[in-house]
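A short worksheet on the structure shown next.
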Amino acid sequence: MSKRIYIKRAAYHLTTCTQHRYPYFQEDIFCNALIDVIANSMKIKQFNLLGFKINPDHVHLTLQPTGRFSFSEIMHNIKRISSVHINLILCFDLTNSQYREFELPDNVKFYRQCLQRKYSRGHEFPPFDWQDGFDDQLIRSENQLQNTLGYIEKQALHHNLTNNHFLFINDTIPNDLVFIGEEPTPP
């Protein structure tokens with residue numbers, strides 16, 4: 001296993017998958033809940049979001065940490081909070097749930113009601129979880145950043161998806177982004 005490289009104000013491309021690559025994010029409600037978590041994490045964990053794409057079973061994020069939190073801490077926060085929120089959305093009856101003591105945030109209540117209306121006879125989604133860990137890639141140059149954002153933008157084509165929903169590419173690149181040189185050439 002390689003060691004993670006942390007460079008202040010550098011950009012990173014992060015990829016994480018759902019547990020067993022289950023396609024939870026074919027359901028728009030879960031995508032919107034994840035986007036809410038990413039937006040709240042930006043405020044709390046201090047990072048610039050350069051781009052993201054939510055695919056049915058995995059997510060690509062390109063970001064620049066701007067505060068005291070590393071990209072690992074940012075990703076941990078996004079995965080932990082989104083897991084709790086999506087499981088709260090999935091659980092219509094909290095009576096015997098491990099989440100019964102939670103105060104539901106308004107957006108989670110709303111998404112839960114939407115899912116309950118949509119699947120009034122019940123759903124077959126298993127409890128939500130992410131796979132352990134995530135892949136990270138340090139963005140070493142402006143060229144690599146543009147290629148990475150292009151890769152995110154072409155995910156629908158890459159995965160034969162019928163649409164390119166839940167895609168965001170920031171048209172404003174921070175001027176304090178740090179690059180450490182050209183990307184390494186493959187062996």
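The values are calculated or read from the model by the stated rules, or taken from the named source; none is laboratory data. From a predicted model like this one, the values you see are computed outputs, not experimental measurements. Methodologically, a virtual Cβ is constructed for each residue, glycine included, from the backbone with ideal geometry; neighbour enumeration extends over all protein chains shown.
Quick rundown of the values:
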{"item": "Qualifying residue in the stretch 141-151 (condition: of a type outside the set (Val, Ile, Thr) and either in contact with a His (Cβ under 7 Å, 6 or more places away or on another chain) or on the phi > 0 side of the Ramachandran plot (or both))", "result": "no"}
{"item": "Matching option when the condition is touching a Ser or Thr at 6+ places or on another chain (Cβ under 7 Å) and outside any helix (DSSP H, G or I), among Leu61, Leu14, Leu50, Leu104", "result": "Leu50"}
{"item": "Given (1) part of a helix (DSSP H, G or I); (2) surrounded by fewer than 14 Cβ atoms within 10 Å (Cβ to Cβ); (3) at pLDDT 95 or above; (4) not polar (S, T, N, Q), index of the condition Cys114 fails", "result": "(2)"}
{"item": "Count of residues meeting criterion [at negative phi and exposed (fewer than 14 other Cβ atoms within 10 Å of the Cβ)] in the stretch 152-163", "result": "6"}
{"item": "Filtered residues of the stretch 159-173 (kept if modelled with pLDDT of 95 or more and in a loop (DSSP other than H, G, I, E, B))", "result": "Phe166, Asn170"}
{"item": "Number of positions in the stretch 118-152 that are assigned to a loop (DSSP other than H, G, I, E, B) and not charged (D, E, K, R)", "result": "12"}
{"item": "Of the criteria (1) modelled with pLDDT of 95 or more; (2) buried (at least 22 other Cβ atoms within 10 Å of the Cβ); (3) farther than 19 Å from Leu149 by Cβ, which one Arg80 fails", "result": "(2)"}
{"item": "Sole residue being closer than 23 Å to Gln116 by Cα, touching a residue at least 24 places away in the same chain (Cβ under 8 Å), among the hydroxyl-bearing types (Ser, Thr, Tyr) and part of a helix (DSSP H, G or I), chosen from Ser82, Ser41", "result": "Ser82"}
{"item": "Close pairs (7 angstrom Cβ cut-off, 6 or more residues apart or separate chains): in contact (Cβ under 8 Å) with a residue 40 or more places away in the chain and under 13 Å from Ile54 (Cα atoms) in the stretch 139-163, surrounded by 16 or more Cβ atoms within 10 Å (Cβ to Cβ) and of a type in the set (D, E, K, R) anywhere", "result": "Ile152/Lys53; Gln155/Lys53"}
